[in-house]
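Asks: Input: one structure, supplied below.
The values are calculated or read from the model by the stated rules, or taken from the named source; none is laboratory data. Given the structure is predicted, the values throughout are model-derived calculations rather than measurements. All Cβ positions, glycine included, derive from the backbone under ideal geometry; neighbour counts span all protein chains shown.
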Amino acid sequence: MLFISLSLIIGFTLGLVFRGRFSNLEFLEKVMDLLVLLLIFSIGMNLGSNTVLLENFSTLGFQSILLALFCSAGSVLLVFLFTLRRNKNV
Amino acid sequence: MFKTGTAFLLGTFGGYLLLRNFSLDISSAISYLVALLLFFVGFLVGNDSRILGDSSWRVRDYLVPLFSLMGSVLGGLLVAALIGSLPFSDALLASLGMGYYSVPSIIVTARLSTSIGSLVLLTNILREVLVLLFTPLLVKKLNRLAPIALGGTTTMDVSLPIITEYSGKDYVVPAFINGVVLTVIVPLLVSLTVSLI
């Protein structure tokens, strides 16, 4: 997984090197928008085709859905309360 | 929210109907896609003179991992309190994962049991799905730090592109740091918890 972080650093370095040479990066942002949807689609495909995971899901699904929802909500809520107290204009 | 949800559902049904019968593993293709997206994220941040020269970095943004971890544990323990059949220790292990499913579930499977390991795996895979689906909604309804809080360890890789898109380029650095900090401490906390149980 190291190459994933490396590609971020390489992209960052090239961005620095070519700073000011591109007047408009909106095109790149549009491409990224599509790639993000492709990423979500492929993650769905990967999960939908994983038979071991689907089997586990039939027994542990209810508990894991509740845990995922409550843990996520807890994280979001606590961070939200923390930022609300410190600064209203995030 | 609508776009991301549709993409996910189409993918899941597509994978179930098409890929399931072939032993085709697309996880390495997904890693390359993430790498390509992070290359672009890096490029956008590096190219924007505003972001790194900006002195308005707030300490607050860097305390997100701490509060996010505490909130997750509270949420997990609340689920155990609601479902009598779920032990508090299992809920604690699942909530410590913070979206990191590989290493924590391996540690738990090896040292406790396969079923608790599977619970840790599923909970945190779902958490990764939740951040991908709900980032647009969270930014709209709460604030731009909310997806970073939800994303946990995934904010350094899988969810960084969508956070960049919705929270904005200025949140790439705090999101990445949040992911790195949690990716380092989550396995340690899981091992520690396992040895205390």
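Asks: Do you know which residues across the range B:40-54 are at the interface with another protein chain (Cβ under 7 Å from one of its Cβ atoms) and either within 18 Å of B:THR154 (Cβ to Cβ) or at pLDDT 80 or above (or both)?
Replies: Within the range B:40-54, B:PHE40, B:VAL41, B:GLY42, B:PHE43, B:LEU44, B:VAL45, B:GLY46, B:ASN47 qualify.
Asks: Take the residues in the range B:60-101 that are in a helix (DSSP H, G or I) and among the hydroxyl-bearing types (Ser, Thr, Tyr); name whichever of them is farthest from B:THR193 (Cα to Cα). Step through it out loud before you land on a result.
Replies: Start the filter on the range B:60-101 by keeping residues that are in a helix (DSSP H, G or I), which leaves B:60-62, B:64-82, B:88-96.
Okay, now just the ones that are also among the hydroxyl-bearing types (Ser, Thr, Tyr), so B:62, B:68, B:72, B:89, B:95.
Working: B:TYR62: 25, B:SER68: 18, B:SER72: 15, B:SER89: 8, B:SER95: 12 Å.
Only one residue tops the list, namely B:TYR62.
Asks: State all residues of the range B:67-86 that are more than 8 Å from chain A (Cβ to nearest Cβ) and at pLDDT 95 or above; if no residue qualifies, say none.
Replies: B:LEU77, B:ALA80, B:ALA81
Asks: What do you reckon, is B:SER115 modelled with pLDDT under 95, in a helix (DSSP H, G or I) and either at the interface with chain A (Cβ under 9 Å from one of its Cβ atoms) or surrounded by 24 or more Cβ atoms within 10 Å (Cβ to Cβ) (or both)?
Replies: On the way: modelled with pLDDT under 95: yes; in a helix (DSSP H, G or I): yes; either at the interface with chain A (Cβ under 9 Å from one of its Cβ atoms) or surrounded by 24 or more Cβ atoms within 10 Å (Cβ to Cβ) (or both): yes.
Judged against the criteria, B:SER115 is a match.
Asks: Let me ask you something else. Give me a count of the residues in the range B:80-113 that are more than 23 Å from the chain's Cα centre (by Cα) and among the β-branched types (Val, Ile, Thr).
Replies: The number of residues fulfilling the criteria is 1.
Asks: Oh, and also: Considering only residues that are part of a helix (DSSP H, G or I) and at the interface with chain A (Cβ under 9 Å from one of its Cβ atoms), look in the range B:155-171 and name the one that is nearest to B:LEU36 (Cα to Cα). Please lay out each step first, then the result.
Replies: Here is the first cut: in the range B:155-171, the residues part of a helix (DSSP H, G or I) are B:155-156, B:160-167, B:169-171.
The next check asks that each one be at the interface with chain A (Cβ under 9 Å from one of its Cβ atoms); those that pass are B:156, B:160-162, B:164-165.
Values: B:MET156: 14, B:LEU160: 12, B:PRO161: 10, B:ILE162: 13, B:THR164: 14, B:GLU165: 15 Å.
Across the range B:155-171, the extreme among qualifying residues is B:PRO161.
Asks: Residues in the range A:20-33: is at least one under 17 Å from the mean Cα position of the chain (by Cα) and over 26 Å from B:ARG144 (Cβ atoms)?
Replies: No, because not a single residue in the range A:20-33 is under 17 Å from the mean Cα position of the chain (by Cα) and over 26 Å from B:ARG144 (Cβ atoms).
Asks: I would also like to ask the following. Could you say which residue among B:PRO147, B:PRO174 is part of a helix (DSSP H, G or I), of a type outside the set (Ser, Thr, Tyr) and modelled with pLDDT under 95?
Replies: Exactly one residue qualifies, and that residue is B:PRO174.
Asks: Just give me the residues in the range A:50-82 being surrounded by 15 or more Cβ atoms within 10 Å (Cβ to Cβ), modelled with pLDDT under 90 and at the interface with another protein chain (Cβ under 7 Å from one of its Cβ atoms), in sequence order.
Replies: Result: A:ASN56, A:PHE57, A:PHE82.
Asks: Hey, another quick one. Taking A:PHE41, is it facing chain B (nearest Cβ under 7 Å), out of contact with any strand residue (DSSP E or B) (no Cβ under 8 Å at 6 or more places or on another chain), more than 30 Å from B:LEU93 (Cβ to Cβ) and surrounded by 14 or more Cβ atoms within 10 Å (Cβ to Cβ)?
Replies: Spelling it out, A:PHE41 is indeed facing chain B (nearest Cβ under 7 Å), out of contact with any strand residue (DSSP E or B) (no Cβ under 8 Å at 6 or more places or on another chain), more than 30 Å from B:LEU93 (Cβ to Cβ) and surrounded by 14 or more Cβ atoms within 10 Å (Cβ to Cβ).
Asks: Let me ask something additional. Of (1) out of contact with any Gly (no Cβ under 8 Å at 6 or more places or on another chain); (2) at the interface with chain B (Cβ under 7 Å from one of its Cβ atoms), A:ARG19 satisfies all except one. Which?
Replies: Just one mismatch for A:ARG19, condition (1).
Asks: Go through the range B:18-35 residue by residue and tally those that are surrounded by 12 or more Cβ atoms within 10 Å (Cβ to Cβ) and either part of a helix (DSSP H, G or I) or not basic (Lys, Arg) (or both).
Replies: Let us first name the residues in the range B:18-35 that are surrounded by 12 or more Cβ atoms within 10 Å (Cβ to Cβ), namely B:18-20, B:24-26, B:29-35.
Retained after the next criterion (residues that are either part of a helix (DSSP H, G or I) or not basic (Lys, Arg) (or both)): B:18-19, B:24-26, B:29-35.
So the answer is 12.
Asks: So which of B:ILE107, B:ILE125 ends up being surrounded by fewer than 24 Cβ atoms within 10 Å (Cβ to Cβ) and either closer than 20 Å to B:LEU74 by Cα or of a type in the set (D, E, K, R) (or both)? Break it down into steps so the answer makes sense when it comes.
Replies: Numbers: B:ILE107 fails: either closer than 20 Å to B:LEU74 by Cα or of a type in the set (D, E, K, R) (or both).
Matching residue, one of B:ILE107, B:ILE125: B:ILE125.
Okay, residues lined up against (1) over 23 Å from A:LEU28 (Cβ atoms); (2) more than 7 Å from every other protein chain (Cβ to nearest Cβ); (3) small (Gly, Ala, Ser):
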| site | (1), (2), (3) |
| --- | --- |
| B:LEU19 | yes, no, no |
| B:ASP25 | yes, yes, no |
| B:ILE30 | no, no, no |
| B:LEU38 | no, no, no |
